[in-house]
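One structure is given below, encoded as structure tokens.
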Amino acid sequence: MTPLSGEDEVVELCRDLIRIDSTNAGDNAGPGERKAAEYVAAKLADVGLEPRVLESDTGRASVIARIEGADPERDALLLHGHLDVVPFNASDWTHHPLSGEIADGCVWGRGAVDMKDMDAMILAVVRQRLSAGRRPPRDVVLAFTADEEAGGHYGAQWLVNERPDLFEGCTEAIGEVGGFSVTIGDKGRLYLIEAAEKGIAWMRLTAKGRAGHGSMLNNENAVTELAEAVARLGRYQWPVRLTPTVQAFFEEVFEVEVKAEDAEAAVAQLGPLARMIGATLQNTVNPTMLQAGYKANVIPQEATAHVDGRFLPGYEDEFFQTVDELLGPNVTREFVYHDVAVETAFKGPLVKAMADALHEEDPGSRAVPYTLSGGTDLKAFSRLGIRGYGFAPLQLPSDLDFSGMFHGVDERVPVDSLRFGVRVLDRFLDYC
């Protein structure tokens with residue numbers, strides 16, 4: 001087999017994946033990931049692997065493959081990416097989100113950064129290495145999953161529950177969201193590697209009262225009770241809590257210890273990055289949905305609301321205690337979705353492999369840990385005892401609002417960034 005060039009392939013792989021509609025609105029009614037899974041499986045089979053396409057439900061397909069390393073006695077490494085993307089309104093976009101258009105030096109489309117770019121980089125690196133007979137130092141398990149954008153019930157969660165054997169020996173992992181560059185003042189180029197994720201608590205709140213005529217006095221109004229509870233939650237000022245990863249981020253960026261009382265002022269110096277980092281200083285609860293009643297002159301017996309809660313690693317108990325105090329005795333809560341927070345120490349051979357691979361492609365740069373305010377499939381894989389990081393390496397223009405691309409309009413990734421990522425991942429696999 002003629003050795004393939006990952007840098008030459010990665011752009012077209014990314015474009016091909018973007019053109020496959022794998023939209024996931026969270027209702028299990030979309031096209032599913034099957035077509036994307038079959039595309040990935042074919043690309044892996046083409047270089048001698050034996051990928052498995054597994055469906056958890058009709059069309060909800062994930063792909064798993066294992067590369068035998070030079071030393072199979074070592075613990076295995078998991079490389080994971082998801083195949084689904086969030087919905088879009090095409091009329092809002094400069095280029096159609098399923099076009100994979102190349103314009104202004106970027107590949108445009110839904111999934112360009114979340115995360116068909118990383119899927120393409122993994123495919124490109126694996127195809128390049130195996131076509132040249134270059135195996136990694138240890139076993140590598142590849143997982144391209146369904147349903148990450150809706151919690152992974154049909155993807156990573158299902159795989160962990162039903163097929164944990166496929167991840168036998170895996171102790172470490174890399175996936176989204178990290179390894180991307182930022183430029184902060186005169187600090188030079190920094191690459192943020194995700195070492196922690198906030199936990200998730202999407203909750204349905206319910207208040208019950210006494211139904212009645214809208215013209216009558218009613219001191220048991222469910223709408224009033226719920227509205228007051230939602231307002232208390234939404235306006236609550238959560239205390240700043242500096243977790244180990246956040247502290248490490250501040251120390252790397254500012255080269256001094258930042259105290260809790262100074263953290264918000266420090267974040268204000270981060271420019272566009274402030275939105276992402278600011279959300280990792282504290283627990284949060286944001287009201288997102290309200291529903292009650294069916295007629296203007298009828299007081300309903302019940303009112304409901306949904307809130308999106310995120311809690312810091314180590315602060316889950318404090319989070320729920322505070323939520324319950326703010327809700328009061330007359331509003332109940334139940335989970336729509338609940339998942340753990342994770343945090344991994346930013347040290348050890350895997351961290352060194354990531355930092356070295358970045359530094360060799362971008363001398364003078366530094367790898368910096370950070371906490372993700374959202375969540376990834378790592379939550380599911382952590383249940384198997386796998387410690388993981390977000391590492392999808394991209395060298396980015398300093399004026400690109402990268403964090404705004406996630407789930408945003410005009411999502412795009414620079415062509416040069418994809419090629420950079422292939423070079424870094426290839427080095428990383430040599431060092432891992």
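Across the range 374-432, the qualifying residues are those that are of a type in the set (Gly, Ala, Ser) and modelled with pLDDT of 95 or more, and the one among them that is farthest from Glu162 (Cα to Cα) is Ser417. Looking across the range 188-218, the residues that are touching a Ser or Thr at 6+ places or on another chain (Cβ under 9 Å), within 17 Å of Ser373 (Cβ to Cβ) and open to solvent by less than 70 Å² (accessible area, probe 1.4 Å) come down to Leu192, Glu194, Ala195, Ala196, Glu197, Lys198. Picking from residues in the range 288-315 that are surrounded by fewer than 17 Cβ atoms within 10 Å (Cβ to Cβ) and within 26 Å of the chain's Cα centre (by Cα), the one that is nearest to His338 (Cα to Cα) is Asp308. Kindly indicate the residue of the range 72-85 that is at pLDDT 95 or above and part of a loop (DSSP other than H, G, I, E, B) and also surrounded by the fewest Cβ atoms within 10 Å (Cβ to Cβ) among those meeting that condition. Among those residues, the one meeting the criterion is Asp75. Candidates are the residues of the range 219-251 that are charged (D, E, K, R) and over 23 Å from the mean Cα position of the chain (by Cα); the one that is surrounded by the fewest Cβ atoms within 10 Å (Cβ to Cβ) is Arg235. Look at the range 217-239: where a residue is at negative phi and without any contact (Cβ under 8 Å) to a residue 40 or more places away in the chain and a partner is open to solvent by 40 Å² or more (accessible area, probe 1.4 Å) and not aliphatic (A, V, I, L, M), sitting 6+ places away or on another chain with Cβ atoms under 6 Å, you get Glu220/Arg210. If you check Arg129 against the conditions, is it of a type in the set (Lys, Arg), free of Cβ contacts under 8 Å to residues at least 12 places away in the same chain and more than 22 Å from Leu378 (Cβ to Cβ)? So Arg129 does not fit the description; no.
Here Val256 meets each of (1) assigned to a helix (DSSP H, G or I); (2) at pLDDT below 90 with one exception, condition (1).
A search for C-beta distances below 9 Å between a residue of the range 300-319 that is at positive phi and any residue that is part of a loop (DSSP other than H, G, I, E, B) and basic (Lys, Arg), counting only pairs 6+ apart in sequence or on different chains, returns Gly314/Arg241. Of the residues in the range 326-339, not one is assigned to a helix (DSSP H, G or I) and open to solvent by 80 Å² or more (accessible area, probe 1.4 Å). In the range 35-55, the residues that are assigned to a loop (DSSP other than H, G, I, E, B) and surrounded by 16 or more Cβ atoms within 10 Å (Cβ to Cβ) never reach a residue that is at pLDDT below 95 and small (Gly, Ala, Ser) with C-beta atoms less than 7 angstrom apart, at least six apart or across chains. In summary, Asp430 fulfils each of the numbered conditions (1) open to solvent by 20 Å² or more (accessible area, probe 1.4 Å); (2) within 30 Å of Ala25 (Cβ to Cβ) with the single exception of condition (2).
The values are calculated or read from the model by the stated rules, or taken from the named source; none is laboratory data. Nothing here was measured: the structure is a model prediction, and the numbers come from that model. Because the Cβ atoms are built from the backbone with ideal geometry, glycine has one as well, and the counts that use them run over all protein chains shown. Remember, those area values only see protein heavy atoms, side chains included, never the ligands or the DNA or RNA. Shrake-Rupley method; radii C 1.70, N 1.55, O 1.52, S 1.80 Å.
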